[in-house]
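Working notes, beginning with the structure itself.
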Amino acid sequence: MPQCHTVAFSHVRSFFSVALRVRNQQRAAGTFYRRWHLRSKSVARLVLSLSMCLGIGILESLVTRPEIPTWYAALTKPSWTPPPLVFPIVWTALYVLMGVSFWRLWESEPGSQARSMAMFLFMGQLALNAAWSPVFFGWHCPVTALVIIATLLPTIGATIVFALRVDRVSALLLAPYFAWVAYATTINAGVVVLN
């Protein structure tokens with residue numbers, strides 16, 4: 001092979017080598033962008049999920065807090081009622097777990113019928129949760145609040161059942177919430193009976 005062909009062949013090979021390297025760098029940059037975009041979208045969903053759940057808690061506390069030392073203190077409560085200080089601590093932890101649970105559902109397989117149903121039920125139970133405090137503390141209606149919480153409990157259970165089909169961790173994150181609401185239902189029922 002003549003010398004000029006060898007040099008030309010070497011230049012062509014170098015050109016394709018550089019072109020291949022550039023293409024690989026562009027792919028890597030594109031992959032990085034897609035991953036970054038997915039991560040930032042996921043973080044945004046987490047923030048929205050936590051904000052939604054904690055926001056409900058904050059709004060409920062605005063109704064609940066003024067009634068604790070007055071109306072609620074005057075009620076006869078069952079013996080298993082914890083001190084008022086326990087409630088905000090437990091509810092804050094539960095709202096965080098709920099937010100993470102919803103985020104995991106939101107991040108799971110889009111278009112899944114079980115996911116759609118779990119998210120629908122989650123929003124339904126969240127609405128019932130949001131309604132309970134204004135009715136119990138704001139309107140001083142323990143009987144109506146008992147109806148709400150008695151509806152809330154099976155709605156949480158159904159949410160857990162559908163979440164299990166999509167994301168086991170999401171379902172397990174709701175288990176403490178289910179247990180606490182079951183306990184709170186007994187307190188609400190005790191208040192109705194004793195007052």
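The values are calculated or read from the model by the stated rules, or taken from the named source; none is laboratory data. Quick caveat, the model's predicted, so the values are computed rather than measured. No Cβ is skipped: glycine too gets one built from the backbone with ideal geometry, and neighbour counts run over all protein chains shown.
Selection over segment 101-129 of residues that are touching a residue at least 60 places away in the same chain (Cβ under 8 Å) and out of contact with any Ser or Thr (no Cβ under 7 Å at 6 or more places or on another chain) gives a count of 3. The sole residue among Pro82, Pro69 that is within 30 Å of Val192 (Cα to Cα), surrounded by 11 or more Cβ atoms within 10 Å (Cβ to Cβ) and either at pLDDT 60 or above or among the acidic types (Asp, Glu) (or both) is Pro82. Right, Thr151: modelled with pLDDT of 95 or more, in a helix (DSSP H, G or I), more than 19 Å from Ala189 (Cα to Cα) and out of contact with any strand residue (DSSP E or B) (no Cβ under 7 Å at 6 or more places or on another chain) or not? In short, no. Does segment 90-110 contain any residue that is loosely packed, with under 12 Cβ neighbours inside 10 Å, outside any helix (DSSP H, G or I) and either among the aliphatic types (A, V, I, L, M) or modelled with pLDDT of 60 or more (or both)? Yes, segment 90-110 has at least one match.
The lone criterion from (1) surrounded by fewer than 21 Cβ atoms within 10 Å (Cβ to Cβ); (2) closer than 19 Å to Gly57 by Cα left unmet by Phe136 is number (1). Within segment 139-195, restricting attention to residues that are closer than 27 Å to Leu75 by Cα and of a type in the set (Phe, Trp, Tyr), the residue that is surrounded by the fewest Cβ atoms within 10 Å (Cβ to Cβ) is Trp139.
Residues are listed down the side, and each one gets a yes or a no for (1) without any contact (Cβ under 8 Å) to a residue 12 or more places away in the chain; (2) of a type in the set (Val, Ile, Thr):
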site: Ser40; (1), (2): yes, no
site: Val43; (1), (2): yes, yes
site: Ser51; (1), (2): no, no
site: Ser61; (1), (2): no, no
site: Ile68; (1), (2): no, yes
site: Ser79; (1), (2): yes, no
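For segment 15-66, which residues satisfy the criterion of being hydroxyl-bearing (Ser, Thr, Tyr) and either under 13 Å from the mean Cα position of the chain (by Cα) or modelled with pLDDT of 65 or more (or both)? Ser17, Ser40, Ser42, Ser49, Ser51, Ser61, Thr64, listed by residue number. Within segment 50-73, the residues that satisfy the criterion of being of a type in the set (A, V, I, L, M, F, W, C) and closer than 24 Å to Gly124 by Cα are Leu50, Met52, Cys53, Leu54, Ile56, Ile58, Leu59, Leu62, Val63.
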